[in-house]
Each structure stands twice: as C-alpha cells, then as structure tokens.
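Participant: One structure follows; several queries about it will come next.
The values are calculated or read from the model by the stated rules, or taken from the named source; none is laboratory data. For clarity, every value in this text was computed on a predicted model and none was experimentally measured. Cβ coordinates were reconstructed from backbone atoms using ideal geometry, including for glycine residues, and neighbour counts include every protein chain displayed.
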C-alpha cells in the first residue's frame, strides 16, 4: 500500500534571491535572513528596478542602501562608510524600496505562492524603535530587542470618538507580541519577476514596496497610545488645549514685555495698549475654557457662594487663580463678543471694560504653574459629554539631525491558517527632514527672460494676482515706513472700504525675486562669507539677446 504524505512546508521571508549567494556565505547571515532596503536616485526608479531585476539581477547589490551624504553619495554592498542609514525624501531625489523574497524551506528554496482566493496577501509595516530604560536613541542604530522596543503605526485608530478627535488621529502603539498590532497600517508589496543567474530559463519572484520617507513629520509628531493590541489610553487633550490657548500665549506675552526697557514703554503708549489688548483675548479664552471643561469652577467665579460646593481639587485650582485674576477672567468673558467682532479700526478698550494686563509686574502668577492643578481639577474624559479637544502636541520637538529610528517588517497574511508570517526587521534607519544638511539637492534651473526691455516684458500675460481685503488694506495703510514700524509708530487707517486686486507678470516677479535674492545674499555675505558656496556661474558664449 502506498501512502502519500502531504508536507506543509515552512514559509519564511529572505533577502531578494539575487543577493543570496553573497550574503548567505558571510560570517554574519543577519542580512541574508531579512528584507533589504534598495536606494534609487532617479524619478524613473520603478522602470529602473524592473530592468535590473529581470535583465541584470547580479547588479541588484549595487542598489543596497547605505549611509550617505550629498558630498559622499553611496549605495551598494561594497560601499560602507560607517554612516548611519538615513532615508532622504523624494524631493531630495532619493527613493527607497523594501525588497524581500517569500520562499518555502525546501531544497532549492522555491517561491511560495500567494493564494488570493483564500484571502491571503502580503504587505509591510513600518515600526518605530525607542530605547528602553537605561539606553539612548543611539543604541537603536543596531536592532536589539533587549535595548529597544518596537511601536506600531496605527493610521486610523477609529476608537469611536468624534471626527477629528484625538482617538481618530494616527498614533503609535506599543508592540507586545510577535504578531501585528490590531489596526496596524499595512503598506502594499508588489511582486516583480526576477532573473535567475543560476538558471536563466527560470525566473523568481521578488516583493517590493515604496517606503514613505516623506511621512517623517507625521511619524515623529504622533502621540503614543496604550500598550498595543487594541488597548488605547490617549493622553488627556484638554490640558494641551489649555496650554496652547492660555499658558503659551500668556508666557510669550510676558517674555515680550520683559524684553522692553522702561524708557521705551514710557515714550510710546502703543506697547501698553498692545499688552492690554492681548491680555483681554487670553483672558477671554481662559473663561471659555472654564465654561467648557470646568463648569463648577466657572459657576464659583460668577457666584462666590458656590465655592463650598467645589471638590478639593477644584477648590485648589480656584484659590490658585486669586481674586484679581478671577475678576479679570469674568470681565473679559462678558466682553468676549465685542473682542471677537472688533475690526482693525476698532477702539480698545470697549466702553465699560476695565483693562487687566497679564504682563504687569504685580501679577506674580507663573502661567505654567496652573497646568498641574488644572489637570487635577478636571473630571475624567469618560465623564465628559462633549467631544475631546483636538490632537495633542508632538511627543517632543524634532531634531533636524534625527533622533528616531525605524524598521520595516514584511508581512504574509494567512487568515485561513490563523497565523501570519512576519519577517525579521530590516536594517534600522532614520528619516531625514526636509532641511537635513546631509541631503542631496535636486538640480533646479530657473530660466530668466533674455530680453528684458519694457517692450518685451509687456508681451507676458499677467498670470499672478494678489487679493487684498479692505481690512488688510487698512492695516497696510497704517504703516508709514519700515523705520516707523520698527519704532512702534503706526499711522491712521484709510477709511475707504475698497478691496484691491493686483495683477503681475510671472517673469517680472521672477526677475524681481532674483535681484532681491542676490542683494540679500551680498549684504549678508559681509557676516557669513557664504557667497562662494551659493553662486556658481558658467559662461555660455553662444547665448545672444533676442535670439
């Protein structure tokens, strides 16, 4: 009797097949067992990739991404300068693809077929690496699960909050298992036919996907939620809203005021006027925040007899404000509608409003000290009937040189089997900012008109229009001169309610911008000596005017 045994081969991700021979015999086979990042420096990178994979797969090694700068461009397995791998953006003439092979662990390592009819699919995920306690971001340059933790990108959490609320914003979630995090975004992988150097008559399959390096700002500014796998504990956005509407403007007002000398303030009353007007707007926002999120505290400000009904945390915050500030908030709230409807020529203060300046020396409250008692006084988010406030601020300011490390993992989804095949992590990499000093620059050529005579320039159509409203026109009319504006003096606005539409010719604007740019560069060259690095002119003897 013959028995047939069906063998279920083990499926795994490996580096693309053209790199197997070279990477499998290395002392360290980590690169052989993980996806590889390919780097291209042309907008036609997809046709270039297809040509290399199908016609010259042995040259794929020349596209392996390496650390580089614009001064020392580098790619390929033989070009390793020890620089950290940093992915630049498409605007900087760089494109990066993740590439991998999905194979069966059988003799010959045959390609594994994707059964789309049963719901199988492939893709890749981007994860952020963060150092564990006792380690720094630099320790994430080499992947090590004992020093770094992975965070998954949840593009659309969909926690049921109101549209635009923090629960619907892209976030990072801690990866607590070996599978995907629920809601983790999966980017597409596309199959490409790959030549076989060992058997030219047979082709293999390589999966590739474009790494979205231009999303850097979105990735680094997102908040972190819960511990992954669906557990979401977003930070309270109300404290951040208070910080943006009240604390930060208040602090900036004090910083500006403290930078003025007393002689300047005494000689020009416009400074005191500006401080009072800014204070009134901040106090009005303060009152609106209390009405929305601390109604009991606001009721006590309106009627002091209700103080006894406050909780201990609410009473602590109420007392922290002090009587003068509470009265100023109440007064600003009563005139809030007049503040909002006031146009450029409105008189401040409105009749009946007593100004209160937050920048006065007698006001000894540090606005940053209000955050802690405010957070303690606010009710839990679960008890709030109104939708949450907008998305909180970023995790921390972005360092242009890059503090964040990322990895890519390829994913083979098998819903029928109940377990997915996740690849080992790619080489850790950073995402370059738009203004990264190491980034290459695209070659941009702006052709200025050859014939700049008035008769020739008049031929160009007026294709640029600037619409100036009557409010902005009135504001501009109050500026007698640049020197006067620097001295703080402003004139009277023109009381003619007329909007303006100014049309300009694009070539003329280009000439003016070019002349202004050169003038500024020459002027600042006295300080920075940067003109030799900015301008390179090449003589073109065959160019003739009006030709």
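Participant: Go through the stretch 42-59 and report how many residues are part of a loop (DSSP other than H, G, I, E, B) and under 29 Å from the mean Cα position of the chain (by Cα).
Facilitator: Adding up the residues that qualify gives 3.
Participant: Can you name the residue in the stretch 102-128 that is within 25 Å of residue 23 (Cα to Cα) and in contact with a helix residue (DSSP H, G or I) (Cβ under 9 Å, 6 or more places away or on another chain) and is also modelled with the highest pLDDT among such residues?
Facilitator: Restricting to residues being within 25 Å of residue 23 (Cα to Cα) and in contact with a helix residue (DSSP H, G or I) (Cβ under 9 Å, 6 or more places away or on another chain), the top hit is 126.
Participant: Based on what the data block shows, is residue 204 under 30 Å from residue 96 (Cα atoms), in the same structural domain as residue 51 (by TED's automatic domain parsing) and more than 32 Å from the chain's Cα centre (by Cα)?
Facilitator: yes
Participant: In the stretch 288-304, what residues are buried (at least 20 other Cβ atoms within 10 Å of the Cβ) and either part of a helix (DSSP H, G or I) or at pLDDT below 85 (or both)?
Facilitator: 290, 293, 297, 298, 300, 301
Participant: Criterion first (farther than 23 Å from residue 36 by Cα, touching a strand residue (DSSP E or B) at 6+ places or on another chain (Cβ under 7 Å), modelled with pLDDT of 90 or more and part of a strand (DSSP E or B)) does residue 99 satisfy it?
Facilitator: In short, no.
Participant: Another question, if that's okay. Filter the stretch 60-101 down to the residues that are farther than 19 Å from residue 47 by Cα, more than 27 Å from the chain's Cα centre (by Cα) and touching a residue at least 60 places away in the same chain (Cβ under 8 Å) and list them by number.
Facilitator: 101, the sole residue that qualifies.
Participant: Right, something else. Criterion first (more than 28 Å from residue 115 (Cβ to Cβ) and assigned to a helix (DSSP H, G or I)) does residue 39 satisfy it?
Facilitator: Criteria not met by residue 39.
Participant: Another one. Is there a residue being surrounded by fewer than 21 Cβ atoms within 10 Å (Cβ to Cβ), more than 20 Å from the chain's Cα centre (by Cα) and at pLDDT below 90 anywhere in the stretch 140-157?
Facilitator: There is no residue in the stretch 140-157 that is surrounded by fewer than 21 Cβ atoms within 10 Å (Cβ to Cβ), more than 20 Å from the chain's Cα centre (by Cα) and at pLDDT below 90.
Participant: Moving to a separate point now. Among the helices (runs of 4 or more DSSP H) lying completely within the stretch 179-280, list those that include at least 3 residues that are more than 23 Å from residue 404 (Cα to Cα) and at pLDDT 85 or above.
Facilitator: 248-258
Participant: Looking only at the stretch 250-280, how many residues end up being touching a residue at least 24 places away in the same chain (Cβ under 8 Å), surrounded by fewer than 17 Cβ atoms within 10 Å (Cβ to Cβ) and under 30 Å from residue 314 (Cβ atoms)?
Facilitator: So the answer is 1.
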